[in-house]
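A short write-up of the structure that comes next.
The values are calculated or read from the model by the stated rules, or taken from the named source; none is laboratory data. Values in this document were obtained by computation on a predicted structure and should not be read as measured data. As a convention, Cβ positions derive from the backbone with ideal geometry for all residues, glycine included, and neighbour counts pool all protein chains shown.
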């Protein structure tokens, strides 16, 4: 089950999460400790979340200890490239949106005007979609994220690390000026920007994909070196073809390379036909040996318990490793939902 960062800002909230998980037989929790370029743990690198009002409280340390006491595995849910989503600038002066604007991804090969973009977001003019992402193609972004991961591993004994937003904003993005310059220097022309191969050189799509895969390969080696038993997982787009071609997530390669232990497709479609189609694409394009390394993500926020239960039933007809529910927030806000859903999990 995913646990959004709002629910770990105090000991009482964490106690409620763990009590619910124990009562409803959830054995793994993806706990969001990095949301929008901030930290819900003690860090010398990442700015502390403004939602943590008690400077002495370490949510990650607390939930790791309490989870262990209740035989519940805690995975540090880590938003990788998603940096900021509000139209109001971060209050932390050391937030990367302030310090490193050149690290931002874009759909235009010009530096982003952050103030103007925030103003446009406030006025709903040329909206910036989900907000600001870090650029996977910028080498300093990769180095920074590896350092953040290293600090986590040095200070906390983790059951798992769950990478989310390990993707591009959408197809048009990936034009960070520094990353684009690196690509063009390798290819000596703009021809590689086309989707089809050009003169045997790497396509721009391939370049974008390799930037994320390279990050994950190096992060995986780092994690296993520090903590060999730490489970590495990634939240991925559920349509394997679209994930690769639109968002740069070649998660079949990640599984084959052993860079992740689990793939967690966010199969959040309300329509059962679309849900099943995503499963069919997985089974047609993945070797059978990887199917049992997939934990199917099922949404509760956009559908009633009966429809979510059907998705659980359909998942159970295949040999997937398990299911993960997004998210605890629905159960907190609508207590009866859990009771209606639990019968589908037996």
Of all residues in the range 218-241, how many are touching a helix residue (DSSP H, G or I) at 6+ places or on another chain (Cβ under 9 Å) and surrounded by fewer than 17 Cβ atoms within 10 Å (Cβ to Cβ)? 5
If you go through the range 157-174 one residue at a time, how many are surrounded by fewer than 18 Cβ atoms within 10 Å (Cβ to Cβ) and either outside any loop (DSSP other than H, G, I, E, B) or modelled with pLDDT of 95 or more (or both)? 1
Among (1) in contact (Cβ under 8 Å) with a residue 40 or more places away in the chain; (2) under 28 Å from residue 228 (Cα atoms), where does residue 314 come up short? (2)
Which ones in the range 120-142 are surrounded by fewer than 16 Cβ atoms within 10 Å (Cβ to Cβ) and either free of Cβ contacts under 8 Å to residues at least 12 places away in the same chain or under 25 Å from the mean Cα position of the chain (by Cα) (or both)? 120, 123, 124, 125, 126, 127, 129, 130, 139, 140
Of the criteria (1) without any contact (Cβ under 8 Å) to a residue 12 or more places away in the chain; (2) in a strand (DSSP E or B), which one residue 68 fails: (2)
If I filter the range 191-207 for residues that are at pLDDT below 75, touching a strand residue (DSSP E or B) at 6+ places or on another chain (Cβ under 8 Å) and more than 27 Å from residue 79 (Cβ to Cβ), do I get at least one hit? yes
Residue under question is residue 137, and the condition is that it be assigned to a loop (DSSP other than H, G, I, E, B) and either at pLDDT below 95 or within 30 Å of residue 240 (Cα to Cα) (or both); does it hold? yes
Can you confirm whether residue 149 is in a loop (DSSP other than H, G, I, E, B) and either in contact with a strand residue (DSSP E or B) (Cβ under 6 Å, 6 or more places away or on another chain) or modelled with pLDDT of 95 or more (or both)? no
